[in-house]
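Derivation of every value follows stated rules applied to the coordinates shown; laboratory data play no part. Source: prediction; values computed, not measured. Quick reminder, even Gly has a Cβ in these numbers, built from the backbone with ideal geometry, and neighbours come from all protein chains shown.
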Amino acid sequence: MALLVLATLALNCLGGEPSAARVGEPRRLVVMVDERGFESWPGLYELEREFEARHAGLDVVLLEQGGAVGQQDKARFLLAGELQLDVTRIDVTEFGAYLAEGALVDLEPYLRADPSWSAEEYLPVIDGLRDARGHLYGLPSTFTPYVMYFNRDLLRAAGLDAPRAGWTWDEFLAAARATTRDSDGDGRIDQWGVSLTQWLQALSPWIWQNGGELLDEHGERALFHEPQTVAALEFVRSLLHVERVASFDASFEVTFSQGLFQAGRAAFYGPVGYWETYRFKYIDAFEWDVAPLPRAAREATAIAMTAYVVPRTSREPALACEFVRALAGPRFQGLLARIGNGAPGLRSAALSADFLDPQRPPRSEQVFLDVLPTARFLPPLANWRAIADLCAAELAQVLLAEQCDVAQACQSMSRKVDQLLARERERAGLVRLRAGSLEASFALALAAAAALGLALFARSRGRLERGEQRAALVLLAPWSLGAALFFVGPAACTALLALCDWSPLRPLSDTRWVGAANFARLLEDPSFHASLRASVAYAATSVPVGLVLALALALLLREHSRWSVLTRTLVYAPSLLSPVVVAVVWRFVLDPDQGLLNEALLSMGLDAIPWTRSADAVLPAFVLMSCWSVGGQMLVFLAALQALDPQLEDAARIDGAGWWRRLLHVTLPQLSPVLLFNLAIGLLGAFNVFAQPYLLTQGGPGDATRFVALYLYESGFRRLDMGYASAIAAVVFTLLGLSTWLLLRASRRWVHYAARSAR
Amino acid sequence: MARVDLKGISKRYGSSVALAPTTLAIEDGEFLVLLGPSGCGKSTLLRIVAGLLEPSAGELWLDGELASERTPRERDVALVFQNYALYPHKSVAKNLAFPLEVRGLSRASIEQRVRETAALLGLEALLERKPGELSGGQMQRVALGRALVREPRLFLFDEPLSNLDAATRAELRREIASLHARLAITTLYVTHDQVEALSLGARVALMRQGAIEQVGAPLEVFRRPLNTFVATFLGSPPMNLVPVSINSGRYTLGGLSHLGAPVDQGALVLGVRPHQIQLGPASARALPARIESIERLGARALLRLALREAELSVEVDGASDFERGAGVSVAWPPSELHWFDAHTGARVELSR
């Protein structure tokens, strides 16, 4: 993980500024906009062909954006690396950050130059893509307001009608009460009135409907502590804890799981967007539809949208803008509507049968357009992601805890958000780092490393002959070069960045000096402390368990037998897999609903365990997963075991020692150097684990698997705070260095390097 | 102290035989040496007695109790290895204490026994050192101590002196002999060195290709080898073996026929030890031979003689003034002649 960051920085340092197309090079247009997997590709290929036919000598390069996890990350990598990217698709919640960091090209001049352009062709959602002056920086792809899904059959069974527009919280609560059932009478509710969604954007409509606001009109102060907001959250809490008519739907994040609503066990599901129709279209067990959200003081809902933009690393902004217009044009928008990605931003496409297809559920697709006048975007702030992450964690506390003083929790949330807003304002006043500072630190570190290397080499001069010296230099060169370019230099840059403010959306040259502020923040950041605790807990369990398992396997597989080669191979093979593959495989194993492990537990008559959904079960699950890759350590132990003097074992047997005492007094002391090696490497490995939590749990549930490597990554690439991420890297590096040093020191007591008894 | 009985013990690995069915008894307090070239199965036999190897067939009895199935710990045997096999991470004192700790002795008695053993072997000054800091002789002394410290019933040695230099080897050899004389623990000692075998053993068992060829007191085995293998393996230089021919009903050698052997024994090989051959001036009545080479070793000198087609090695006084190429006559006391069957190599007793 840290390597990824380092490599990005290295690319950046070496790559320099993007320049206009160089003479003689073929012109390329790099486009990365794929939506909902493969289904949009035929349309994209068509656009590519047409575009290339229209612009002779132009090569349109279509990049894949990637899956649901980290979908937004690839564009940031490209920007941070100053690599050409002409058109991409961003979530509108990112728009504020892109705009504030100057990462987008102003499309207004290009649009105005085109007489055929008219913003009127688009629904008003397009205004979410304007800056303060009203300039457009992107065109809409698809959007969706948050609505309420309902199970028509369950409502009918309770004698209720489908909700009408303008229905109220009271009506909603009554319907939820009427549909909550314990049908088998075991004291556990098995049919819920509501399956609630819980992220900030999904919870905001409740606040707005009750007359509350997230921020004041200047976007400078958080207003969570206002009574309307507190009351709104009290209402949602009461659905869960007082009325007991609602359950949180965890399925949104968990790929294979079927949510309550999909299983026919919830009458309402929401607030949530149009994207759920994509998986609900396979439901044939019951009839379902959508309704506007219920209202309180006023009607309101949130809106999600993606937009096509031209990033600052575009080398063909004019052509890119033209391509954006094609993507936001009637043909592609019609295709997106047919795929069912959301409501098209283009008015004609949204009102066409492509979107309002009566053959396809939901029957009331019109609702998504009807609620638009009351729909709002979240405030376009530069650090919106950091605020949203903070609020999501705080709100989960407020809503999930059995006991909670909502007013006090809201006060504290406002205070924390205010701090984030204040810091964002301060960032504007930061002083730019002198140009070339990072390059200089890179070069300086290289020079220092080279000097150190030469000094060490000079000291060894007396002992080596000329020919040996040359051989040593030649043999060391490739490794030293790699280590210098990809470790020493980037490490120096990271150290410098830890004292700076840099968003990967900005050019690296626009790095601003903050001094020790990042480290001061680390001291007070409970999420960082939680991630450290999670990592320590993971290391403290997975490393010893792994060591014991590896040693036990090595002892078992030590003897040569007919099957030993096969068994060794089988045990070793998984450790060759990339962590990504391990995570994907284990998703099938650990999935709480359809995973192999729970299937096995159930078939043995045991209870299923919510592996990835419970904060208590997820750590054991990760330790279990780490055990799968124990083969490398096993191999090291095996090699050491086979190098042992068998006569010592014989001597101990003659001396009367049993199996356990031989292991303790003869085998283990001789293995102690290897034990130390595996311990140190295992410790570093445990703190570096990234792909598994990133792909499997995204750090959850809660913060249980948000290990330091993942937190570092999220700080840098998700919350766009690369200086902070570098500070984390520096702190973790120091902590690991320190603990390794302590380990090595302590090892003098128990590691025996004494040569085997002389022959 | 123990009596050891091996009854038909054998060991095979697949189709290859490491040890042919062997029956052997070691008396209580006896020092028995297993002697043989490498790969003869002597270490296999030792490891079976120790309990480190399971025999393929046969029974092992210790003091009249069947011990084949017992663990080394239950057998209460001690083994001294060729490469010492000291625990490298333990100090000398800890090495000595380990077998006692395993047996759960009290701390005080362990300390006392370790001290006594160290005194017995002169290890007091080395107690806190690690094996890596000791010389080979010192390490083997510690290994001896570790074997002695728990007063085993049976003492096993697996080529204990092979890794040592000549002086240390001689010193430790004397020490082992005197220890045995003092403690009288039943001992099975494996070696390929005939000097150790002859000097240490109350009895010597000679092994070849997984089988015992002869068992007996050292001098008996030396004086009356039961076959050509034993005859040549013991003694340095080895016994001369000369095929004799049958000529008109008499065994003849070099044209002379006064060998006094009857003809009913078939083809024979004559054996005579180099130091029994007497050399005189060339004469028609004695066997004529020519000196091919002289190797002077100080007190002794080794001559190679050509006797017709045969070659003889002869050991003479170092002061004698033989010259290369000179002719000599060869004679030997008839009582010192050994006869072996030319085909089987087995000893043939000639009636006179």
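Can you work out ³J(HN,Hα) from phi for every residue in the stretch B:315-321, in order, using Karplus 6.51 cos²θ - 1.76 cosθ + 1.60 and θ = phi - 60°, giving whole Hz and x for Gly and Pro?
10, 10, 4, x, 8, 5, 9
Build a GNM of chain B with springs between Cα atoms under 10 Å: which of B:Thr232, B:Thr22, B:Thr71 gets the top mean-square fluctuation?
Fluctuation is largest for B:Thr71.
Translational D (Stokes-Einstein, µm²/s) of the stretch B:61-148 at 4 °C and 1.567 mPa s when Rh comes from the Kirkwood sum over C-alpha pairs?
94 µm²/s
To the nearest whole number, what is the average tally of beta carbon atoms from other chains within 10 Å of the beta carbons of peptide B:72-81?
4
By count of other Cβ within 10 Å, fewest leading, how are B:Ser135, A:Ser531 ordered?
Placing the least packed residue first, the sequence is B:Ser135, A:Ser531.
What does the charge count around A:Pro380 come to, taking other residues whose C-beta lies under 13 Å from its C-beta (Lys +1, Arg +1, Asp -1, Glu -1)?
Neighbourhood net charge equals -3.
Can you find, among A:Ala495, A:Phe38, A:Pro358, the residue farthest towards the positive end of the dipole of chain A? Put +1 on the C-beta of Lys and Arg, -1 on that of Asp and Glu.
Most positive-ward Cα: A:Ala495.
Given R₀ = 35 Å, what would the calculated FRET efficiency be for A:Asp127 paired with A:Leu83, taking r from the Cβ atoms and rounding to 0.05?
Result of the calculation: an efficiency of 0.70.
Would you list A:Leu736, A:Leu696, A:Leu576, A:Leu399 from fewest to most Cβ contacts within 10 Å?
Least crowded to most crowded, the residues run A:Leu576, A:Leu736, A:Leu399, A:Leu696.
Just to confirm the number: angle between the C-alpha axis of helix B:166-183 and the first principal axis of chain B, 0 to 90 degrees, nearest 10?
That helix lies at roughly 70 degrees to the long axis.
Enumerate by residue number the trypsin sites (Lys or Arg not before Pro) in the stretch A:120-193 meeting two conditions: DSSP loop (anything except H, G, I, E, B), and at most 14 other Cβ atoms within 10 Å of the site's Cβ.
A:Arg133, A:Arg164, A:Arg188
To the nearest whole number, what is the average tally of beta carbon atoms from other chains within 10 Å of the beta carbons of peptide B:127-134?
Per-residue shielding by partner chains comes out at 2.
Just to be sure I understand: of the beta bridges DSSP finds with both ends in the protein assembly as shown, what percent are antiparallel, rounded to 5?
For the protein assembly as shown, the DSSP antiparallel bridge percentage is about 70.
To one decimal place, what orientation-averaged projected area in nm² is obtained for the convex hull of the Cα set of chain A?
Approximately 41.4 nm², given one-decimal rounding.
Got a sec? How would A:Asp182, A:Asp91 order by Cβ neighbour count within 10 Å, fewest to most?
A:Asp182, A:Asp91
Please give the calculated 222 nm ellipticity per residue for chain A, where each DSSP H segment of at least 4 residues contributes -39500 (n - 2.57) and the sum is spread over every residue; nearest 500 deg cm²/dmol?
Calculated mean residue ellipticity at 222 nm is -15500 deg cm²/dmol.
What span do the alpha-carbon atoms of the stretch B:1-87 cover on each of the three principal axes, reported in whole Å from largest to smallest?
Rounded to whole Å, the extents work out to 35, 32, 23 Å.
Along the charge dipole of the stretch A:520-750, which of A:Pro669, A:Tyr713, A:Leu619 sits closest to the positive end, that is, farthest toward it, with unit charges on the beta carbon of Lys, Arg, Asp and Glu (+1, +1, -1, -1)?
Selected residue: A:Pro669.
Place the peptides A:725-734, B:119-128, A:405-414 in order of packing, highest mean first, counting for every residue the other Cβ atoms within 10 Å and averaging per peptide.
Ranked by mean Cβ neighbours within 10 Å, highest first: A:725-734, A:405-414, B:119-128.
Expressed in nm to one decimal, what extension gain is obtained for the pair A:Ser561 and A:Arg434 from 0.36 nm per residue of sequence separation less their Cα-Cα distance?
Once the chain is fully extended between A:Ser561 and A:Arg434, it gains 39.1 nm.
Assuming 0.36 nm per residue, please report the length gained on full extension of the stretch B:Arg12 to B:Glu65 beyond their Cα-Cα distance.
Result: 16.6 nm gained on full extension.
Please give the peptides A:536-544, A:712-720, A:75-83 ranked by average Cβ packing (other Cβ atoms within 10 Å per residue), highest first, as a rough proxy for protection.
A:712-720, A:75-83, A:536-544
For the stretch A:699-707, in order, what is each residue's ³J(HN,Hα) by Karplus, 6.51 cos²θ - 1.76 cosθ + 1.60 with θ = phi - 60°, in whole Hz (x at glycine and Pro)?
Calculated HN-Hα couplings, in order: x, x, x, x, 10, 4, 10, 7, 6 Hz.
Determine, for the stretch B:4-233, the count of lysine pairs separated by eight or more sequence positions (or lying on different chains) whose alpha-carbon distance falls under 17 Å.
Lysine pairs meeting both conditions in the stretch B:4-233 amount to 4.
Starting from the Cα gyration tensor of the stretch A:520-750, take the square roots of the eigenvalues, sort them a ≥ b ≥ c, and report rounded, prolate or oblate (rounded when a/c is under 1.5, otherwise prolate if a/b is larger than b/c, else oblate).
oblate
If each Cα of the stretch A:431-515 is one equal point scatterer, what is log10 of I(q)/I(0) from the Debye formula at q = 0.14, 0.19, 0.26 Å⁻¹?
-0.59, -0.84, -1.22
Per residue of the stretch A:650-658, what does 6.51 cos²θ - 1.76 cosθ + 1.60 with θ = phi - 60° give for ³J(HN,Hα)? Whole Hz please, x for Gly and Pro, Karplus curve as stated.
My calculation for the stretch A:650-658 gives 4, 4, 5, 5, 4, 5, x, 6, x Hz in order.
How many Cβ atoms of partner chains, on average, are near each residue of B:45-53 if near means within 10 Å of its Cβ?
Other-chain Cβ atoms within 10 Å of each residue's Cβ, averaged: 2.
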